[in-house]
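These notes are about the structure you will find just below.
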Amino acid sequence: MGSAFVAPPRRDIAAWRTSSVLLHAGVRFPMGCSYGPGYRPRTLREVRERMACARRAGEPFARALVRAEAP
């Protein structure tokens, strides 16, 4: 996942599902010199919305999931 990944609480099933989707889409959490990994969706709703937009636009899921602004 990367050095900037912070694991959700053990009992937060929704957060683990979100992390799983990000992992399987190829999203990583690299740590830069003075900034963190950038935007990453925190809820399954955000993930679903961005994946639907990516399907419509023909954009790769990994790119749609890490963009700061939603399309």
Looking at region 36-54, can you tell me whether even one residue there is open to solvent by 60 Å² or more (accessible area, probe 1.4 Å), in a helix (DSSP H, G or I), modelled with pLDDT of 90 or more and among the aliphatic types (A, V, I, L, M)? no
What number of residues within region 55-68 satisfy the criterion of being part of a helix (DSSP H, G or I) and of a type outside the set (D, E, K, R)? 6
In region 55-71, how many are open to solvent by 70 Å² or more (accessible area, probe 1.4 Å) and at pLDDT 90 or above? 3
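The values are calculated or read from the model by the stated rules, or taken from the named source; none is laboratory data. Computed from a prediction, not measured in an experiment: that's the story for all the values here. Accessible surface is based on the protein model in full, side chains and every heavy atom, while ligands, DNA and RNA are left aside. Shrake-Rupley method; radii C 1.70, N 1.55, O 1.52, S 1.80 Å.
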